[in-house]
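Have a look at the structure below before the remarks.
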Amino acid sequence: MSVEFRDVVKRYGTATAVAGVSFIVEAGTLVTLLGPSGCGKTTTLRMIAGLVLPSEGRILIAGRDVTNLSATQRDVSMVFQSYALFPHMSVLENVCYGLRRSGQRKAEAADRAREGLKQVGLAGFEERQPSELSGGQQQRVAVARALVLKPSVLLFDEPLSNLDARLRRQMREEIRELQQRLGLTVVYVTHDQQEAMAVSDRIIVMNAGRIEQQGGPRDLYERP
Ligand code: ADP
Ligand code: ADP
């Protein structure tokens, strides 16, 4: 589903984190928020999630004004940079957790969780503990956990920053492949231009709380 920001501002006290930002993420596309630390990427992502409310402006998801809705009313899920898996639960239980909380019965939740694990290439890992998995595998569990909720928008907050360089390249290919295969709408935050170019349909370049430029990866970075 599409995401639209109309003149969104976020202030913390007297400091302005996001200084009037407008953009549209078309349904079924992956759009990256790219820029240096402190430019307002995470605040923007959290406003899509409903974890932070804007000081001014409107936010629409699938054409519906969600500006004043809480996170649980928005049908959006987020993958964090630290995977935040529950260490005492199995992989399957981790993926089931959100489904159970949203009221699904145990058997249905387990079926959907197995399907989600299959989608990220982790069939057969259901009964493992997170500590038995590699960093890349743990990140895939986190992606499965977000996916099974069938969100209208999936958000990634610097998802690869805890991985080594080789795994970062592999995981960004996997995320891109999954997004295209399932037709997901994704907003992806990174400070890494190479990563943004590898995964994105469009890149929104932020600086000091504003959008500096936006466009396709090739339009922004490969034109002479
Ligand atoms: P980025 O994700 O690009 O690193 P952030 O959105 O985290 O940027 O932060 C943008 C600006 O807002 C920074 O100056 C940051 O210090 C400030 N900021 C972020 N969160 C808060 C907060 N909860 N309270 C006060 N200032 C904040
Ligand atoms: P990120 O790595 O996602 O950019 P940060 O390390 O900048 O996050 O911030 C971690 C937490 O601290 C976040 O919850 C953010 O909102 C908050 N925060 C960031 N900057 C400030 C600030 N200047 N004052 C208060 N809280 C802040």
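Tabulated data
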read-out: Residue list for region 162-194, filter: of a type in the set (S, T, N, Q) and either open to solvent by less than 50 Å² (accessible area, probe 1.4 Å) or at pLDDT 90 or above (or both); value: GLN179, GLN180, THR185, THR190, GLN193, GLN194
read-out: Pick from region 21-50, criterion of a type outside the set (A, V, I, L, M) and more than 14 Å from ligand 1 (Cβ to nearest atom), ranking: most open to solvent (accessible area, probe 1.4 Å); value: GLU26
read-out: Residue in region 51-71 that is farthest from ligand 2 (Cβ to nearest atom), counting only those that are under 30 Å from ASN162 (Cβ atoms) and touching a Ser or Thr at 6+ places or on another chain (Cβ under 7 Å); value: ILE61
read-out: Residue in region 3-13 that is away from ligand 1 (no atom under 12 Å from the Cβ), closer than 21 Å to GLU195 by Cα and crowded, with 17+ Cβ neighbours inside 10 Å present; value: no
read-out: Near pairs, Cβ below 6 angstrom, 6+ apart or cross-chain, from region 79-100 (of a type in the set (Gly, Ala, Ser)) to any residue that is modelled with pLDDT of 95 or more; value: SER90/GLU127
read-out: Pick from region 72-85, criterion surrounded by 14 or more Cβ atoms within 10 Å (Cβ to Cβ) and more than 14 Å from ligand 2 (Cβ to nearest atom), ranking: nearest to PRO159 (Cα to Cα); value: TYR83
read-out: Unique match (being out of contact with any Lys or Arg (no Cβ under 6 Å at 6 or more places or on another chain) and within 17 Å of PHE156 (Cβ to Cβ)) among GLY20, GLY13, GLY28; value: GLY28
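The values are calculated or read from the model by the stated rules, or taken from the named source; none is laboratory data. This structure is a prediction, so every number in the text was calculated from the model and none was measured. Note: ideal-geometry Cβ built from the backbone for every residue, glycine included; neighbour counts use all protein chains shown. The accessibility values were calculated without ligands, DNA or RNA, using every heavy atom of the protein model including side chains. Shrake-Rupley method; radii C 1.70, N 1.55, O 1.52, S 1.80 Å.
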